Amino acid sequence: MKDDRQSPFRGAHEDIETARDIPDTPQTRAPAYRLAFADDDFLCRDALRPVRLQLELLKAEMVLTEQNIESTVVMFGGARIPAPEHKGNARTETLAGLSKYYAEAREFARLMTLRSMETYGRQHVVATGGGPGVMEAGNRGAVDAGGHSIGLNIVLPHEQAPNEYVTPGLCFNFHYFAIRKMHFLMRAKAMCVFPGGFGTMDELFETLTLIQTGRMQPIPVLLFGRDFWDGVINFDALARAGTIADEDLALFRFVETAQEAVEVIDGWDTTGSKRASIPGR
């Protein structure tokens, strides 16, 4: 992050360096003496959770603003879906078959990144969760086009490093799922959701809920692979039961290919405003 500090006062970095060279005494070794903003133990206290939430929101927001990222196209999907060249190693036959969506995700990201480069990489920048599977395909497609892409990673109990295709300067790591999901949507102009598991479902339904309840401007929400989605979620049954409205079925569209997704995004009515009421209530 660039330092555009104009203040005449001493900076925080200067005092951190100075504090490292102080005499070693019982007083200076005491935790109470540490500078608050350089004290990891202090910052990780439960009482400091609001500050940590703010820091996670601010850091990514400031970097993206400094990098002139104005809008994004978000791609969600399963971390376990292999690239076609590795489908022979898939854990199940179904996962091997879903590898075609890795290829479609990669191609979609390539097409959108080519379009993004027309705005010097400011608009419709591909954003993924930064991990393997469909996320890797999205970042990889951006590399294929010669552009940059965003990876919003999350610390998990098992080891997870960002995939190698995320642009390093746009690769973030989060502790709070909630703040990470905010960043997925704050600049989103479209969302593409590929076959996936709990995480993919979580991100899809949170977005649909925000749009349904008028908390978010409608954006294209595209579900790749109708056969997969029809097999795991009966959207029509929700409407028949009355737990969602028939109108809610129009909040998303099914697509099969990258080119079809681009065409749907181009034809989407972007003049709609946030809902003022919820149909069916």
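Only the coordinates and a few stated rules stand behind these numbers; no lab work does. Bear in mind that the values here come from a model prediction, so they are computed numbers and not experimental data. Backbone-built Cβ (ideal geometry, glycine too); neighbour counts: all protein chains shown.
Computed quantities for the displayed model
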| item | result |
| --- | --- |
| Cross-link reach list, aspartates and glutamates versus residue 274, counting only Cα pairs under 15 Å and skipping chain neighbours closer than eight places | 247, 248 |
| Net charge of neighbours whose Cβ lies under 15 Å from the Cβ of residue 234, counting Lys and Arg as +1 and Asp and Glu as -1 | -3 |
| Other-chain or far-sequence residues with amide H under 5 Å of residue 244's (modelled H) | 239 |
| Peptides 107-114, 55-62 ordered by average Cβ neighbours within 10 Å, highest first | 107-114, 55-62 |
| Unit charges on C-beta of K, R, D, E only; dipole of the chain, Debye | 400 debye |
| For 176, 165, order by how many other beta-carbon atoms lie within 10 Å, fewest first | 176, 165 |
| Under-5 Å amide H pairs with residue 254, H placed in peptide plane, nonlocal only | 223 |
| Calculated [θ] (222 nm, deg cm²/dmol) that DSSP helices of n ≥ 4 give over the chain, each run adding -39,500 (n - 2.57) | -12500 deg cm²/dmol |
| Whole-angstrom Cα spans of the chain along principal axes, big to small | 71, 49, 39 |
| Per-peptide average of other Cβ atoms within 10 Å, ordering 182-190, 127-135, 92-100 highest first | 127-135, 182-190, 92-100 |
| Nitroxide proxy distance, nm - points 7 Å out along Cα→Cβ at residue 114 and residue 20 | 4.8 nm |
| Distance between modelled label sites at residue 260 and residue 273, nm, 7 Å Cα→Cβ extension | 3.4 nm |
| Extended-chain gain in nm, criterion 0.36 nm per residue less alpha-carbon gap, residue 246 and residue 49 | 66.9 nm |
| Under 18 Å from residue 189, Cα to Cα: aspartates and glutamates that are on another chain or at least 8 residues apart | 61, 70, 118, 203, 206, 260, 263, 266, 269 |
| Residue 41-residue 176 FRET efficiency (beta carbon distance; Förster radius 22 Å; 0.05 resolution) | 0.70 |
